[in-house]
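The block underneath contains the structure these notes are about, expressed in structure tokens.
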Amino acid sequence: MRPHPAGPRHGDLVGDGLLAAPPADLNALSSHVWPEGMRRATSGELRLHDRPVPELARSFGTPLFLLDEDDFRQRSREYAQAFDGAEVYYASKAFSSVALLRWVAEEGLGLDVATGGELAVAERAEFPMERVLFHGNNKSVDELTHAVELGVGRVVIDSTEEIRRLARCAEEAGIRQRVLVRVTVGVEAHTHEFIATAHEDQKFGFSLASGAAARAVELVLLQPSLELVGIHSHIGSQIFDTSGFEVAAHRSVELLAEVRARHGVELPELNLGGGLGIAYVHSDDPIATSDVASNLRAILERECRAYELTVPRLAVEPGRALVGPSMVTVYQVGTVKQVALDAGASRAYVSVDGGMSDNPRTALYDADYTVVVAERHSDAPPMLARVVGKHCESGDIVVRDAWLPEDVRADDLLAVAATGAYCRSMASTYNLLGRPPVVAVSASDGPRVLIRRETVADLLALDTSA
Ligand SMILES: *Cc1c(COP(=O)(O)O)cnc(C)c1O
């Protein structure tokens, strides 16, 4: 999901010889792209914690999401340690299941939910509600009422209507609800336009520049049933440096200083949202978690010193950075078609048994992915390939530009790396293809089905035949 400026994509430049060179060894796994537990055995097959991926594919069918539990827990632990003293909320929209939310709770993290549905998974997982933060730009009265009754720790307020709605819910429940006000800090993170959320012209939060944020704070402070604990900003997704956060922190602290000057209160929390990037392809180079944490801390301390403010407690909301690298998708190849391009070049269209229904990110965001043959070693020369799905849509692309061995053929298994975030959670049932299962493996446990495969019977069950 690196930004693609106007102009041709590298895949379009193959005839001019401008495509990035193929990797030296198509069988090698780039360690920062694959889960910790994934290896290629000397026999050629991929193994996740010593369980052969082809065997898992035979047992559970394809397409299949494989989740490395240890990798996810390790990453969560790293975040908790790096952000020691701050609050880390896992953004469950990236991927949620009851078992995974139990791991999140066990690792000591908080949880970010954005709908009643996501909250229901937390409830089923018996997630400690005081560590839950409720987001969303249009939460319904039912959702708010339920959240308040469950005792969620924080609600992030996104609109003027919501201030009144939530104040009433809290009053009726006889509690004082802790809230944050979401502000739009006017930062456009370095990422694809459709997922950049902090520039002014978009639906989230209250604008700082227009004064709407200051007015929202004032209105919240007037509600006896609401306790304003801080402000929140989220500047975007798949961000590779902390400069955007620097501007966001600067402007947020400015608001905190203004709030103190106008209302005489120092708000104790500053939530800088999620958005930290991960490696989808070998050349992606995300910043280390510990560096992110120390950068954010330093920025916050410096900004607060300038205004002589007590440093608020920092909170972050990683989604992709925790679960993205922990999962892979396994597909089976059905067809391989050579298509002639200009200048005598050709491209192989490799069709797999899933597609945009289990991974909409390539179609939506022009995302990049890494793909390898999963069940065998190949010494065949590299071939430019496009891995596509089985949907009735020419934009149904899983990996736009991939180097696969020339001998890739029907029945081969392919594994796509880093599909843990926004793939299963954004999956659809387009063309009435049931959504794939999620199977977890760890060094000591599994395979364990966290989410079973959706069958045609499941899909037909919704159709009343009326
Ligand atoms: C989506 C989202 C996140 C998580 O974003 P990632 O890019 O997955 O880290 C965090 N906070 C808010 C408010 C979000 O909308």
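The values are calculated or read from the model by the stated rules, or taken from the named source; none is laboratory data. The structure presented is a predicted model; accordingly, all values stated were derived computationally and were not measured. In this analysis, Cβ positions are derived from the backbone assuming ideal geometry, glycine residues included, and neighbour counts consider all displayed protein chains. Just the protein is used for accessible areas: all its heavy atoms, side chains included, with ligands, DNA and RNA removed. Shrake-Rupley method; radii C 1.70, N 1.55, O 1.52, S 1.80 Å.
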- Query: In a shell of Cβ-Cβ distance under 11 Å around Arg178, excluding Arg178 itself, what net charge do Lys and Arg (+1) and Asp and Glu (-1) give?
  - Reply: -1
- Where q = 0.17, 0.19 Å⁻¹, what log10 of I(q)/I(0) comes from the Debye formula for region 135-318, counting one point per Cα? -1.08, -1.27
- For region 400-464, rounded, prolate or oblate, judged on the Cα gyration tensor with a ≥ b ≥ c (square roots of eigenvalues), a/c < 1.5 rounded, else prolate if a/b > b/c? oblate
- Nonlocal amide H pairs with Ile231, under 5 Å, H built at 1.01 Å: Val181, Glu269, Asn271
- Extension gain (nm, one decimal) between Glu301 and Asp458, 0.36 nm per residue minus Cα-Cα: 51.3 nm
- Accessible area of region 135-318 belonging to carbon and sulfur atoms, whole % at 1.4 Å probe: 48 percent
- region 404-466, accessible surface, carbon-and-sulfur percent (1.4 angstrom probe): 54 percent
- Please report the relative contact order for region 110-255, taking Cα pairs under 8 Å with a sequence separation of at least 6, and give it as a percent rounded to a whole number. 21 percent
- Please give the peptides 386-392, 421-427, 407-413 ranked by average Cβ packing (other Cβ atoms within 10 Å per residue), highest first, as a rough proxy for protection. 421-427, 386-392, 407-413
- At what distance in angstrom do the alpha carbon centres of region 86-142 and region 447-465 lie from each other? 24 Å
- Message: For a protection proxy built on the mean count of beta-carbon atoms within 10 angstrom, sort 437-444, 181-188 highest first, please.
- Response: 181-188, 437-444
- Residues whose built amide H sits under 5 Å from the amide H of Val311, excluding neighbours closer than 5 in sequence, are none
- the chain: antiparallel bridges as % of DSSP beta bridges, rounded to 5, reads 45 percent
- Among Val438, Ala417, Ala402, whose Cα sits farthest toward the positive end of the charge dipole of region 368-440 (+1 at Cβ of Lys/Arg, -1 at Cβ of Asp/Glu, about the Cα centre)? Val438
- Message: Binning at 10 angstrom from zero up to the longest distance, how are the C-alpha pair distances of the chain distributed in percent?
- Response: 4, 20, 28, 24, 15, 7, 2, 0
- Please list, in chain and number order, the residues 5+ apart from Met38 or on another chain whose amide H is under 5 Å from its amide H, with Hs placed from the backbone. His49
- The answer for region 135-318, accessible area per residue at 1.4 Å probe in Å², is 42 Å²
- In whole Å, largest first, what are the principal axis extents of the Cα atoms in region 234-392? 69, 33, 33
- For region 449-461, Karplus-derived ³J(HN,Hα) couplings (6.51, -1.76, 1.60; θ = phi - 60°; whole Hz; x for glycine and proline) come out as 7, 7, 9, 7, 5, 7, 9, 4, 4, 4, 5, 5, 4
